[in-house]
Structures are given as structure tokens and as C-alpha cells.
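Heads up, the thing below is written out as C-alpha cells.
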Amino acid sequence: MLEGENIMRKNRVVLPLLLTLSMVLSGCSAPAKTQTTAAPVSTTSAAADAGQEAQPQKKYKIICIQRMAGASYWDTLAKGCSQAGEDLGQEVINMSPTESDAAAQIAVLQDAIALQPDAITIVPVSNDAVEPLLKQAMDQGIVVITGEGVGMTNHDWDLAGLNTENYANHAIDELAKAMGEEGDYALMAGSLTNSGHMSRLEAMKKRQEELYPNMHLVSGEIIAPTAGTADSALALFKELIVTYPDLKGIFTHEKTAQAALAVEEAGKLDQITVMGYATPNEAGQYLASGAITLSIVGDTIAKGAATVALAVKVLDGEEVVEGMDLGYTGFDSIIVDKENKSVEANSFIDINKDNYMDFDF
């Protein structure tokens with residue numbers, strides 16, 4: 001089993017207080033729906049575990065913006081951000097649109113900049129759409145940490161989460177094994193503009209072409225988007241199954257539960273293997289039934305927390321270097337790509353029907 005399987009898991013107590021605000025986009029007639037979350041009380045930083053003080057000399061205001069609020073994955077990232085705020089003695093504010101929509105996120109980002117925080121972290125719905133505003137933020141002296149924003153220009157660092165090559169190689173190898181190294185398969189991204197998704201899926205495609213010539217990527221391209229509502233994603237997977245009746249495998253970076261449900265409803269559990277990126281909390285029933293064979297993930301709470309920890313390092317003027325410890329699971333010895341201003345985790349986790357109940361994120 002993968003090295004991430006034996007990764008240390010820490011106990012968490014998270015008590016979020018959710019406040020829903022209507023954030024008004026300057027110059028627009030319609031308000032943006034936004035969810036703002038206060039920092040909860042929690043403990044889990046590596047420094048705290050070691051009995052050390054985790055309180056920096058300076059206290060910063062850090063605003064964290066996810067793609068949306070109200071979905072399990074994004075809410076868990078927000079919990080991680082709040083957790084780091086408590087661990088590190090920082091003021092952390094979660095502000096996210098209530099839908100995964102570029103325009104809605106831009107409205108939230110504008111309001112965040114107006115609050116003049118010390119740092120903003122953001123997982124963009126569309127990288128291109130937020131670039132001008134992030135430049136504006138940086139011009140005002142605001143530290144910017146993106147998530148899944150490899151290749152973007154206007155950020156101090158991008159926290160990509162998972163090492164692209166390691167993740168892609170493992171994912172396609174596992175899918176190939178399940179498919180007997182032959183047959184039709186599909187690769188699904190949340191968005192074609194999501195550089196994190198696309199870089200990993202493109203690397204999977206490349207390795208398949210090199211090592212598994214009897215596998216065939218349907219349409220020859222990565223399919224997107226699966227982001228959006230659960231219903232729209234389910235409809236996309238149903239259409240995929242009808243369009244490609246010989247489909248044997250699906251790997252999707254979003255809405256893995258909807259892929260499993262579509263396969264179940266089509267009566268093709270014995271024919272189609274579903275793998276992807278899904279937290280155990282959002283896909284537990286499908287992991288339990290075997291409809292999802294494997295989910296390959298990072299610790300989502302740790303990822304959110306590491307984003308804030310990275311922002312604090314930058315604000316404190318520390319140099320971000322290979323092997324730096326951000327204090328959270330998988331980020332205790334980070335992989336650094338200085339050319340692309342990218343930080344990656346050093347491990348990930350294989351989750352299946354046998355171990356999904358061991359995790360709470």
C-alpha cells in the first residue's frame with residue numbers, strides 16, 4: 001500500500017460558527033452570495049504536538065476564499081484554514097461564494113481586498129478571471145497564496161497540494177491495474193482552466209500512452225467540467241456512459257460520488273471502475289459499496305491549514321525552501337518548485353472500502 005496510507009493522522013475538534021453575508025459587488029446591481037466563517041477552537045499543529053509554543057510575534061489578518069461554501073470538500077478546506085488561525089494565533093476569515101461561479105468569486109475577492117488584509121488565500125474557479133484582481137491585491141502589499149494555481153502570475157506562492165508526477169503515476173497505475181491494462185477510460189477535470197487538475201490528468205494521460213498502449217482515452221482528451229452542481233455532474237457522467245458503451249474506467253478529480261452513482265444507476269458496477277479524488281466524508285457510502293474502488297487524496301483539513309501556515313511564513317519574511325515544515329500532515333517536508341512558485345505535499349492517501357472509516361475529513 002502507498003506510503004501515504006501510514007501517514008500520521010491527528011485528532012481534530014472543529015466548532016465552526018457560520019455567518020452568511022450578502023457581499024455587494026461594486027458597480028453591479030445584484031449582490032454576491034457569500035459565506036463567512038469565524039475561526040473555531042481546535043488543536044492539531046505539529047508545534048503544539050511537540051509541546052512548543054506556536055504563537056508568532058505578529059498577528060495577521062488572513063482571508064481564505066474557496067471555490068464555494070456549502071460543499072463538503074470546500075467546507076473542510078475552510079475548517080483547516082480556521083484551524084491554522086487558532087493554532088498559529090492569527091485572525092482567519094473564510095469568505096466564499098455559495099456557488100462555484102467565477103463572477104461570484106470575483107465579487108467576493110473584491111470585497112476581501114477592500115478589507116485590506118495582510119494576506120489572501122484563494123482557490124480560483126478560473127485562474128485567468130482572478131489574475132487582474134490578485135495583481136491589484138499584490139500592488140497593495142497583500143500577500144497572495146493560491147491553491148491549484150500552477151502557472152499563474154500574480155501570487156507569492158501556489159499551494160498545489162499534491163506532487164503532480166507522484167500522484168499521476170500512482171493514479172494511472174492503479175486504474176490500469178483495475179482495468180487489466182486495456183479498454184476505454186475517461187479522465188475528468190473540474191474545469192479546463194484548473195491548472196492543478198489539468199497538470200495531473202495530463203501527466204496520467206502521458207504515462208498511459210507510454211506504459212499502457214492497450215488503454216484508450218475516450219475522445220482523446222480530458223473531459224470537463226464536473227464542477228458545478230451534483231445534478232449537473234451526474235447528468236454528465238450518465239451521458240458519458242451512454243456515449244461510450246464499452247467504457248471500463250473513470251478517473252475524476254471532482255464529483256467522484258456522482259460518477260459512482262451514475263455507474264450504479266446504469267447497472268455497470270461490474271464493468272466500470274471508478275476512481276478519483278473524493279474525501280471519505282463525501283463519498284463514504286460509495287467507498288463502502290465498492291462503487292468507488294479507490295480515492296487518492298491529501299488530508300483536506302491539513303491542506304487548508306498549510307495554506308494559512310504558508311501565508312504566515314511569507315508574512316514573517318521566511319524563505320520558502322525545500323523540506324520546510326509547515327506543521328501539518330503531508331506538509332512536514334514540502335516539495336518546492338521555485339521556478340513556478342509552487343509548494344506541494346510530500347504524501348497522499350489511498351482510501352478504499354477497508355479504511356475509509358479511519359478518516360474524518
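The values are calculated or read from the model by the stated rules, or taken from the named source; none is laboratory data. Note that the coordinates shown come from a computational prediction; the quantities given were computed from them, not determined experimentally. Virtual Cβ from ideal backbone geometry, glycine too; neighbours counted across all protein chains shown. Heads up: the accessible areas ignore ligands, DNA and RNA and are worked out on the full protein's heavy atoms, side chains in. Shrake-Rupley method; radii C 1.70, N 1.55, O 1.52, S 1.80 Å.
Before moving on, here are some points about what is shown:
- In the stretch 171-201, residue farthest from residue 340 (Cα to Cα) [restricted to those that are of a type in the set (A, V, I, L, M) and open to solvent by 10 Å² or more (accessible area, probe 1.4 Å)]: 178
- Complete set of residues in the stretch 250-272 that are within 22 Å of residue 73 (Cβ to Cβ) and not in a loop (DSSP other than H, G, I, E, B): 250, 251, 252, 256, 257, 258, 259, 260, 261, 262, 263, 264
- Failed criterion for residue 329 (all others in (1) among the β-branched types (Val, Ile, Thr); (2) more than 20 Å from the chain's Cα centre (by Cα); (3) modelled with pLDDT under 95 hold): (2)
- Across the stretch 69-97, the qualifying residues are those that are among the polar types (S, T, N, Q) and modelled with pLDDT of 95 or more, and the one among them that is farthest from the chain's Cα centre (by Cα) is 90.
- Of all residues in the stretch 211-227, those satisfying the criterion of being part of a loop (DSSP other than H, G, I, E, B) and closer than 14 Å to residue 252 by Cβ are 222, 224, 225, 226, 227.
- Note on the stretch 132-210: enclosed strands (runs of 3 or more DSSP E) holding 2 or more residues that are closer than 16 Å to residue 251 by Cβ and of a type outside the set (A, V, I, L, M, F, W, C) are 183-188.
- In the stretch 207-261, the residue that is surrounded by the most Cβ atoms within 10 Å (Cβ to Cβ) out of those that are touching a residue at least 40 places away in the same chain (Cβ under 8 Å) and of a type in the set (Ser, Thr, Tyr) is 252.
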